[in-house]
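Asker: Sharing a structure here in structure tokens format.
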Amino acid sequence: MSITICITGTSRGIGKALARECLLQGYRVFTCARNLSQINDLENEFPKHCIPIKMDVTNEQSVQESKTAILRHTSCIDILVNNAAIHTGDAVPELSAINTQELTDSFEVNTTGVLRVIKMLHSLLKKSKHPKIVNISSIMGSIAQVVGPRNYAYSVSKAALNMLTKILDHNLTPEGFLVFCMHPGWVRTDMGGPHAPYSPEQSAQGLHVGHPLGYTATDIYCRYFRMKGYNVLHPIGWDSFGLPAETYAIQTGTHPRVTSEKNIQTFRSQIESLGFSYDWDREIATHTSEYYQWTQWIFLQLYKKNLVYQADIPVWYCDQLGTVLANEEVILTDKGPRSERGNHPVSRRLLTQWMLRITEYAERLTQGLSSLDWPDSIKSMQRNWIGRKEGASITFYSEKDSHPIEVFTTRPDTVFGTTYLVLAPEHPLVSSLTTSTEKKQVEIYIHNTSLKSDIERTDLLKEKTGVFTGSYARNPATEKIIPIWIADYVLYHYGTGAIMAVPAHDERDWDFARVYNIPIIPVIKTTTNNNSPTVYTGEGTLINSQQFDGYHSQEARKAITTWLSKKKAGKWSVQYKMRDWVFSRQRYWGEPIPLMFDNNENIIPLSEKDLPLTLPEIENYQPSHNGLSPLASIHEWVHIHYQGQSVRRETHTMPQWAGSCWYYLRFLDPHNKESLACKEAIQYWMPVDLYVGGSEHAVLHLLYARFWHMVLYDLNIVNTEEPFQRLVNQGMILGEGGVKMSKSLGNVINPDTVIADYGADSLRMYEMFMGPLQSEKPWDTKGIHGIARFLDRVWQKSYHVTKEDICTSADFQRILHYTIQKVEHDIETLSFNTAISQLMICLNTFLELETIPQDAWEIFLLLLSPFAPHICEELWERLGNNQSISKHKWPVYDAQKLKKDTEIIVIQINGKRRAHITVSTDVSNATIEQQARSQKRIIPYLENKQIKKIIVVPHKIINFVI
């Protein structure tokens, strides 16, 4: 069943925990929070099912408004879980609700407690067809003590209600055709290194105003460093291979190359209108043979290094799309699993796929993170994705044929409590272990499992199912015979695909054992005095463990593993959650894999001199229904003579990630026909000093790029082990009202329209002025009016510039040189909003002058030019300058002129401001006190009063405590 849940108050605590668990169950979840940055991790972990919505409920409004808003839109969701401040009370009797008092008595802020709520949600869904509203905000104080009671638990702000009404109409169906746009740029001095921003995906309709945010930031950064004397490499390119283009081709009959290049032209036109200073001579596109020749070349190096292999693995396969789908591309519906694109039926299949041994680099990928200047959240996501775990590999042997069955466990201290083994239904040993009497049941179970997603299979709430294989194994610790089962809660691609089941100390094993009456033997003494049978997952003192009784869990893990090692039944081991990279796609629009097969199925790599292996021109892009790509139907392309023998070309193509794994290297030397980049260019520009990009690429793209770069480093092709030294995630520009821009909501703002109304410089500056680069911020058309007025004042004031020598005040010079210092610092720290604020302050200082000296005005234009290059170029030329302003040196501030002769000291009485005085910057505290006491407004406060204390904050405040 497809379920949509809206949860308010998801920024922390129980709301966030509940949202995470619902997402793990496969629900689509609208996560509402005041600060969306606090739920970035949920969106990154569940990009297809988590829809974050900005929602502030701290301002009290009418209860009736909240009821009306909810009732108006209840048909759009299955459940609204109110963890914030929307309350329906008894005025909505037709909506079911959880007994909040019962929840108060039983709830704990942990996984178990959250799962109880989800069980209640399940039960609510069964009671009636009406949408359900669950209120838990009124018991928040007892659920999460750190939060405390919510005084506004029965009210909600009007803005929050507006957000709610919009999200309940949110349409998640993706439309159009996607092209991935990337535009790294490098900044370099003879002593420095490169800089590389990265951009998010674009739609076929072109850019919306959220897309230029990162482009503008990096353009300002690069323009500034050029003016500082740096060598700047600021290129742009297009990641134009991929399934969306091929799907569009199937639907329209248009070649994907045609649609890709048409969309690239659209993006290029929009980008050029914004004045980004890209080096267009270095433009690349991953679908051109000039580029993917070197993608194929890197693949061959991976093959030679034994990092490429074939394996039969269970994958989601869609007949209609004719390709393998990733887990996040599959959605759960009441009709079974379906493809997200097109809503087609999908099922699990064992298909032969090309794999890359990324797990060979798992340890280095983990350790390398410590040397990178990346956001902690991104490094944490990569560490979690890699999933390094230390434990023990323990070998059990089947009783009949002595098949070794290897399991990995982080708790070898519980091995004496193992009462059965569980294999994943896809495990290769299942067929040989299954007896003839159990074969039919096992085959049925395997088929039913193939229709389930990983989320469904690992759902902690579902009733555990499994089938006995008919075989037994011997526990190497107890020497007892235990049964071997298969069950869908064990995944083949996780660990070894088999587990030792210890029902006394694992919740899933406990549930399974109780369903099938399997013995439960506790081997760790619990810390409670509860005599009722229950699962205990913690650590403690060992019992029922023979010679290890009395050991604590921590010391027992080492002692038992050492003991098993001596018996040749176990060893210390490190395992990773990350699996090898599936590198096959059954489609046309991708890089052909440069491998072939002879008549004996031996693999023959294509010679490097014969690269590129280009895509043939075909008319039919329709996928086959046998797991083969459209290329397989082109007999004359597949079957060829090569090096004196008949061979068959591989017809799978590479995934879209292949081209984006190494693009930054090709930008260094894009026209090189002899290598992907010459050694001199790599040595000069690498590593990348700064990479600006969205957090949506935190795991896959960045991880794959690091992997390929490490391989190239081992092959002595690049000079550094890591490609990107510093990473900055730009925030998101939301639509007006705080929701994501979406065609379905009708809130997408086209930059072409904004440029036509206000000019490109206004758009550039407004996006930088909205807030910190890393923060999310809602678009507000009123805000761009203010920026446009600022630029109008700059234009008008330029008519008052003179070449005559004009003596300006020390305060004027101080503000001008402070602005140089401030803007320089803020650009280097990517604090563009505060740089613009200082430019506005500086302009106000110019506005006070009737006539402006040209030398001072030129400094101001130089500071403004990275932000507003068009208007500054025009005004610069008007001043008589022949050379472009972008080629002029950045101004240097005079530290002496930053010094002030006087300063303002605020006078406070008991912390409240009552007056102020102007004093010399080098005045003593005693003089400040004397002048403060003599002020007419202060005398009445101090007269006949006992002064307890006098506090002086140097250069700022004097406070009399009376």
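The values are calculated or read from the model by the stated rules, or taken from the named source; none is laboratory data. Note that the coordinates shown come from a computational prediction; the quantities given were computed from them, not determined experimentally. Neighbour counts run over all protein chains shown; Cβ positions are idealised from the backbone, glycine included. Just so you know, the surface numbers come from the protein's heavy atoms only, side chains and all, with ligands and any DNA or RNA stripped out. Shrake-Rupley method; radii C 1.70, N 1.55, O 1.52, S 1.80 Å.
Asker: Wholly within region 620-672, which helices (runs of 4 or more DSSP H) include no fewer than the required count, namely at least 2 residues that are under 21 Å from I603 (Cα atoms) and of a type outside the set (F, W, Y)?
Answerer: Where helices (runs of 4 or more DSSP H) fall fully within region 620-672 and carry at least 2 residues being under 21 Å from I603 (Cα atoms) and of a type outside the set (F, W, Y), they are 635-638.
Here's the yes/no breakdown for (1) open to solvent by 40 Å² or more (accessible area, probe 1.4 Å); (2) on the phi < 0 side of the Ramachandran plot:
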position: N263; (1), (2): no, yes
position: T266; (1), (2): yes, yes
position: K335; (1), (2): yes, yes
position: N343; (1), (2): yes, no
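Asker: Scan region 734-759 for residues that are open to solvent by 40 Å² or more (accessible area, probe 1.4 Å) and closer than 30 Å to D373 by Cβ and jot them down.
Answerer: K740
Asker: Looking at the structure I just gave you, is L321 over 28 Å from D610 (Cβ atoms), open to solvent by 60 Å² or more (accessible area, probe 1.4 Å) and of a type in the set (A, V, I, L, M)?
Answerer: no
Asker: Let me ask something additional. Across region 597-619, what is the total count of residues that are open to solvent by less than 20 Å² (accessible area, probe 1.4 Å), outside any loop (DSSP other than H, G, I, E, B) and touching a residue at least 60 places away in the same chain (Cβ under 8 Å)?
Answerer: Counting residues in region 597-619 that are open to solvent by less than 20 Å² (accessible area, probe 1.4 Å), outside any loop (DSSP other than H, G, I, E, B) and touching a residue at least 60 places away in the same chain (Cβ under 8 Å) gives 0.
Asker: Does any residue of region 720-733 turn out to be touching a Ser or Thr at 6+ places or on another chain (Cβ under 6 Å) and open to solvent by 10 Å² or more (accessible area, probe 1.4 Å)?
Answerer: Scanning region 720-733, I find at least one residue that is touching a Ser or Thr at 6+ places or on another chain (Cβ under 6 Å) and open to solvent by 10 Å² or more (accessible area, probe 1.4 Å), so the answer is yes.
Asker: Condition first: small (G, A, S) and at pLDDT below 90. Now tell me which residues in region 599-633 satisfy that.
Answerer: Listed by number, the residues that qualify are S624, G627, S629, S633.
Asker: Let me ask something additional. If G550 satisfies all but one of (1) modelled with pLDDT of 95 or more; (2) within 40 Å of the chain's Cα centre (by Cα); (3) assigned to a loop (DSSP other than H, G, I, E, B), what's the number of the condition it fails?
Answerer: Status for G550: all satisfied but (2).
Asker: Is there any pair linking a residue in region 335-347 that is closer than 12 Å to W316 by Cα to one that is open to solvent by less than 60 Å² (accessible area, probe 1.4 Å) and hydroxyl-bearing (S, T, Y), with Cβ under 7 Å and at least six apart or on different chains, and which?
Answerer: Matching pairs, first to second residue: P337/S453; V346/Y317; V346/S339; S347/Y317; S347/S450.
Asker: Right, Y292: crowded, with 21+ Cβ neighbours inside 10 Å and more than 29 Å from R341 (Cβ to Cβ) or not?
Answerer: no
Asker: If I ask for residues that are acidic (D, E), under 20 Å from E272 (Cα atoms) and in contact with a Ser or Thr (Cβ under 9 Å, 6 or more places away or on another chain), which ones from region 758-794 would you list?
Answerer: Scanning region 758-794 gives a single hit, E767.
Asker: Pick from P404, P425, P412: which is open to solvent by 20 Å² or more (accessible area, probe 1.4 Å) and touching a strand residue (DSSP E or B) at 6+ places or on another chain (Cβ under 8 Å)?
Answerer: Checking each option against the conditions leaves just P404.
Asker: Just to be sure, is T58 open to solvent by less than 60 Å² (accessible area, probe 1.4 Å), part of a loop (DSSP other than H, G, I, E, B) and either at pLDDT below 60 or over 29 Å from G771 (Cα atoms) (or both)?
Answerer: yes
Asker: Shifting gears a bit: On the basis of being open to solvent by less than 30 Å² (accessible area, probe 1.4 Å) and either within 25 Å of the chain's Cα centre (by Cα) or among the polar types (S, T, N, Q) (or both), does A217 make the cut?
Answerer: Yes: the conditions hold for A217.
Asker: Look at region 574-589 and say how many of its residues are open to solvent by less than 20 Å² (accessible area, probe 1.4 Å) and either at pLDDT 95 or above or polar (S, T, N, Q) (or both).
Answerer: The qualifying residues number 2.
Asker: What is the one condition in (1) open to solvent by 20 Å² or more (accessible area, probe 1.4 Å); (2) closer than 16 Å to R411 by Cα that A498 does not satisfy?
Answerer: The one condition A498 does not meet is (1).
Asker: Under 8 Å between Cβ atoms, which residue pairs at least 6 apart in sequence (or on different chains) link something in region 253-281 that is without any contact (Cβ under 8 Å) to a residue 40 or more places away in the chain with a partner that is in a helix (DSSP H, G or I) and open to solvent by 60 Å² or more (accessible area, probe 1.4 Å)?
Answerer: T254/Y248
Asker: Can you work out which of the residues in region 554-590 that are touching a residue at least 24 places away in the same chain (Cβ under 8 Å), among the charged types (D, E, K, R) and not in a loop (DSSP other than H, G, I, E, B) is farthest from P244 (Cα to Cα)?
Answerer: Top of the filtered list is R557.
Asker: Mind listing whichever residues of region 693-714 are open to solvent by less than 10 Å² (accessible area, probe 1.4 Å) and farther than 17 Å from M381 by Cα?
Answerer: Within region 693-714, W708, H709, M710, V711, L712 qualify.
Asker: Then there is this: Please give the number of the condition I446 fails out of (1) open to solvent by 70 Å² or more (accessible area, probe 1.4 Å); (2) in contact (Cβ under 8 Å) with a residue 24 or more places away in the chain.
Answerer: Going through (1) open to solvent by 70 Å² or more (accessible area, probe 1.4 Å); (2) in contact (Cβ under 8 Å) with a residue 24 or more places away in the chain one by one, I446 breaks only (1).
Asker: Condition first: closer than 25 Å to L332 by Cβ and either hydroxyl-bearing (S, T, Y) or at pLDDT below 95 (or both). Can you find one or more residues in region 390-410 that meet it?
Answerer: No, that holds for no residue.
Asker: Still on this model: Taking region 196-225 only, how many residues are at pLDDT below 85 and among the polar types (S, T, N, Q)?
Answerer: Qualifying residue count for the region: 4.
Asker: Same structure again: Could you go through region 466-481 and let me know if any residue there is open to solvent by less than 10 Å² (accessible area, probe 1.4 Å), in contact with a Ser or Thr (Cβ under 6 Å, 6 or more places away or on another chain), under 25 Å from R349 (Cα atoms) and not aliphatic (A, V, I, L, M).
Answerer: Within region 466-481, one or more residues are open to solvent by less than 10 Å² (accessible area, probe 1.4 Å), in contact with a Ser or Thr (Cβ under 6 Å, 6 or more places away or on another chain), under 25 Å from R349 (Cα atoms) and not aliphatic (A, V, I, L, M).
Residues checked against (1) farther than 24 Å from Q320 by Cβ; (2) of a type in the set (D, E, K, R):
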{"site": "W581", "(1), (2)": "yes, no"}
{"site": "R587", "(1), (2)": "no, yes"}
{"site": "D598", "(1), (2)": "yes, yes"}
{"site": "L611", "(1), (2)": "yes, no"}
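To keep it simple, each residue is scored yes or no on (1) surrounded by 15 or more Cβ atoms within 10 Å (Cβ to Cβ); (2) touching a His at 6+ places or on another chain (Cβ under 8 Å); (3) in contact (Cβ under 8 Å) with a residue 24 or more places away in the chain.
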residue	(1), (2), (3)
T781	no, no, yes
I784	yes, no, yes
A788	yes, no, yes
Q796	no, no, no
S809	no, no, no
L816	yes, no, yes
T819	yes, no, yes
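Asker: So, L628, is that one buried (at least 17 other Cβ atoms within 10 Å of the Cβ), more than 31 Å from the chain's Cα centre (by Cα) and either acidic (D, E) or over 30 Å from D219 (Cβ atoms) (or both) or not?
Answerer: No, not satisfied.
Asker: Exactly one condition in (1) modelled with pLDDT of 95 or more; (2) surrounded by fewer than 19 Cβ atoms within 10 Å (Cβ to Cβ) is false for P594; which is it?
Answerer: Tallying (1) modelled with pLDDT of 95 or more; (2) surrounded by fewer than 19 Cβ atoms within 10 Å (Cβ to Cβ), P594 fails exactly one: (2).
Asker: Of all residues being assigned to a helix (DSSP H, G or I) and either hydrophobic (A, V, I, L, M, F, W, C) or at pLDDT 95 or above (or both) in region 681-692, which is most open to solvent (accessible area, probe 1.4 Å)? Just the residue, please.
Answerer: Step by step, filter region 681-692, then rank; the result is W685.
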